[in-house]
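Written below as structure tokens is the structure these notes are about.
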Amino acid sequence: MSWADLGLPDAPEPSGNETPAPRPRKEPKPPKEPKPPREPKEPKTPKPPKPPKPPRESGGQGDGEGGSRTPLILGIVAGVLLVAVVVTLGFALTRGSSTASPADTPSSDASTAAPTAQPSPSPSASSDAVGVPVALKFGGTGFTLVDKNAKTVFSYEWRDKAADAVTELTAAFGAAPTQRVEPGDGSSYPDYTVYQWEGFLLYDMVDGTGGAQRATFTQPSYATFSRNEVGPISMTAEHGLKIGSPVTAVRAAGPSQEVPRGNVGSIRFIFDQSRSSVGPPVQYSMIADTDGSTVTAVLYYFAAGG
């Protein structure tokens, strides 16, 4: 049926700008009924405490991770100790083999190997060694302690200070000297400190006394002996003379001068008189004092007038 059939004009065509009709209102939903409150739950009954585990026995095998840890630690410690022992033994063997001489290396046939000969001291090493003194040799410039091979143990020149000589002579003679001062003339001849052993005397000037200075004085020290041995040390003079040599042997040695002494029959023989000089080094002559028959003392002294 159309609008014309109802006697009404036709409905206008919609233009698209018409206001839409309002939507019908929805009926509000009825409110929900509130849920009844939940009943409180009954509290749980607490569980009883677990009893403590019994302690593990030492050395026993436990369950799980704790039981397997002990043997693991022991195995690590044992391994470290084994490595340390192996390293130590290897170092010791290596060091021993590196320092061993080729002569100590065993041959391939141990049953036929000959014993290794021990090296003997080289002749040069033994010949260079200086032994203990056995003699005191005198000369124009001083004296020398020598060993049995005539090697110098200690040497002293007349201008040297006497302290070292006293020390060496004391050791060689096996006894310390007595000591005294022999006064000079106070003007040109100095005082001397005298170191005296049985059969040997060393005179050492006191510097500055008698107007004399040790550095320039003609006779800073001198020595004399009246025995052929002092302790274990033999006294050795020049020209082959010794205490007890006859006057005939003294004259045969060719002295520079023969001077009678104050005592009846005493004669002083001066050898190498021209050798006495202030140097350097200071040099003395050798003097043999006799009783007219034999040598009683040998003196190394500055003999003027040569």
Rg to Rh quotient for segment 137-244, alpha carbon positions, Kirkwood Rh:
0.98
Taking the Cα centre of segment 165-244 as origin, sum charge times position over the Cβ atoms of Lys and Arg (+1) and Asp and Glu (-1), and report the length of that vector in debye to the nearest 20.
120 debye
So, in Å, what gap is there between the alpha-carbon centers of segment 232-299 and segment 147-177?
22 Å
Starting from the Cα gyration tensor of segment 167-303, take the square roots of the eigenvalues, sort them a ≥ b ≥ c, and report rounded, prolate or oblate (rounded when a/c is under 1.5, otherwise prolate if a/b is larger than b/c, else oblate).
oblate
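Computed from the coordinates by the stated procedures, all read-outs in this text should not be read as laboratory data. Quick caveat: nothing in here was measured; it's all calculated off a predicted structure. No Cβ is skipped: glycine too gets one built from the backbone with ideal geometry, and neighbour counts run over all protein chains shown.
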